[in-house]
1. Whole number in Å², please: accessible area per residue of the range 173-283, 1.4 Å probe, ligands, DNA and RNA not counted.
2. Counting only protein heavy atoms, what percent of the accessible surface of the range 1-56 is carbon or sulfur at a 1.4 Å probe?
3. Nearest 20 debye, what's the magnitude of the dipole of the chain about its Cα centre given +1 on Lys and Arg Cβ and -1 on Asp and Glu Cβ?
4. What shape does the range 178-283 take by its C-alpha gyration tensor, where a ≥ b ≥ c are the square roots of the eigenvalues and a/c under 1.5 counts as rounded, a/b above b/c as prolate, and the rest as oblate?
5. Find, among the GluC sites (Glu not before Pro) in the range 131-221, those assigned to loop by DSSP (not H, G, I, E, B) with at most 10 other beta-carbon atoms within 10 angstrom.
6. Residue by residue through the range 256-263, what is 3J(HN,Hα) from phi via Karplus (6.51 cos²θ - 1.76 cosθ + 1.60, θ = phi - 60°)? Round to whole Hz and write x for glycine and proline.
7. Per residue Cα convex hull volume for the chain, in cubic angstrom?
8. Where the centre of each part is set by its Cα atoms, how far does the range 56-84 sit from the range 1-24, in angstrom?
Amino acid sequence: MIAITGANGNLGKATIGFLLKKIKPEQIVAIVRDPKKMEDLKNSGIQIRIADYDDLESLNEALKGVDKLLQISAISIGDQGVKEEANVVTAAKQQGVQHIVYTGAVKPKLDAYFMATQQCLATEKAILDSGIPHTFFGNSLYMETIPIFIGEALEHGNIYYPAGNGAVSFVSRVDIAEALSNVLAGNGHENRRYEITGSKAYTFKDVAAILTAERGIEVSYVNIPNVVLAEELDKFQMPDEQIVWQLSLADSIKADEFSYVDDTLEELLKRKPFELKEYLRNL
Ligand SMILES: NC(=O)c1ccc[n+]([C@@H]2O[C@H](COP(=O)([O-])OP(=O)(O)OC[C@H]3O[C@@H](n4cnc5c(N)ncnc54)[C@H](OP(=O)(O)O)[C@@H]3O)[C@@H](O)[C@H]2O)c1
């Protein structure tokens with residue numbers, strides 16, 4: 001049996017969609033904390049089990065009889081996020097899971113600016129320490145996050161973001177899901193690390209130029225100071241902890257922590273990955 005955590009999220013649900021084309025639905029266990037969010041797959045034949053990353057007992061129940069686990073990284077940040085992800089690994093070990101596929105960050109470094117990267121590294125260490133065979137997906141930033149960065153640029157023509165000249169090898173989340181399904185349904189991926197990126201890295205100036213060319217609207221990139229982003233986020237009553245997290249993301253992009261490009265995704269998909277230009281054309 002193959003279980004997926006975060007199964008009702010964007011990545012989890014897309015992965016299940018691809019898996020349903022490859023294996024029998026009874027072999028799929030979707031682990032969620034709110035089964036109402038799986039209404040659309042209620043009659044698909046997959047098993048839906050309830051667990052919370054913060055509740056080890058519920059994870060142990062949900063992972064009974066599971067051979068392979070797709071552990072999708074948590075949403076919680078800081079120590080809480082590390083604890084939740086460690087709980088999943090502990091339960092997997094206790095239930096005799098044979099293989100964990102974990103989605104982390106591309107080319108993670110212990111001194112990374114991005115706080116989530118450090119969180120993912122802590123989980124990778126927990127998985128390695130558990131001795132469970134692993135496959136690590138080192139994901140670059142999802143293309144689908146671009147609207148968060150560019151805001152209303154298509155209306156007023158400016159992308160305001162403190163990323164300097166940092167480049168990002170944006171990757172389609174749907175492509176990642178398909179690649180994950182290939183790994184989960186396939187063999188020979190144990191104890192491998194895959195850097196999952198788009199085929200090219202783009203600065204925000206590049207993104208602005210593509211929008212201009214594809215959308216016929218003049219778009220420019222304005223590199224703002226971190227403090228301006230922090231003030232804007234504060235206006236939306238974002239908690240300080242999350243503002244610090246957002247700034248760590250901007251700093252990481254500026255420092256090229258997401259600029260690495262690798263062709264592993266193309267190998268896993270056996271086709272070219274989705275291009276940023278196509279995504280921006282249809283945004
Ligand atoms: N590379 C990137 O650009 C990028 C961007 C965003 C996120 N991420 C990471 O990639 C992961 C997957 O992305 P996504 O787009 O699928 O995110 P998503 O749509 O927000 O899905 C996150 C999933 O995690 C579940 N979850 C959160 N806290 C949980 C808990 N305590 N116990 C059990 N389940 C919990 C959510 O369940 P509920 O619906 O019940 O909350 C949801 O199913 C994210 O969780 C995040 O770590 C990466």
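The values are calculated or read from the model by the stated rules, or taken from the named source; none is laboratory data. Since the structure is predicted, the reported quantities are computational estimates derived from the model, not experimental observations. In this analysis, Cβ positions are derived from the backbone assuming ideal geometry, glycine residues included, and neighbour counts consider all displayed protein chains. These accessible areas exclude ligands, DNA and RNA; they are computed on the full protein's heavy atoms, side chains included. Shrake-Rupley method; radii C 1.70, N 1.55, O 1.52, S 1.80 Å.
1. For the range 173-283, the solvent-accessible area averages 53 Å² per residue.
2. Reported share for carbon and sulfur atoms: 49 percent.
3. 1020
4. Judged from the Cα gyration tensor, the range 178-283 comes out oblate (a/c at least 1.5, b/c at or above a/b).
5. Taking the range 131-221 and a limit of 10 other Cβ atoms within 10 Å, the loop GluC sites (Glu not before Pro) found are Glu218.
6. Whole-Hz 3J(HN,Hα) from phi for the range 256-263: 6, 6, 10, 9, 5, 10, 9, 9.
7. 131
8. Result: 15 Å between the Cα centres.
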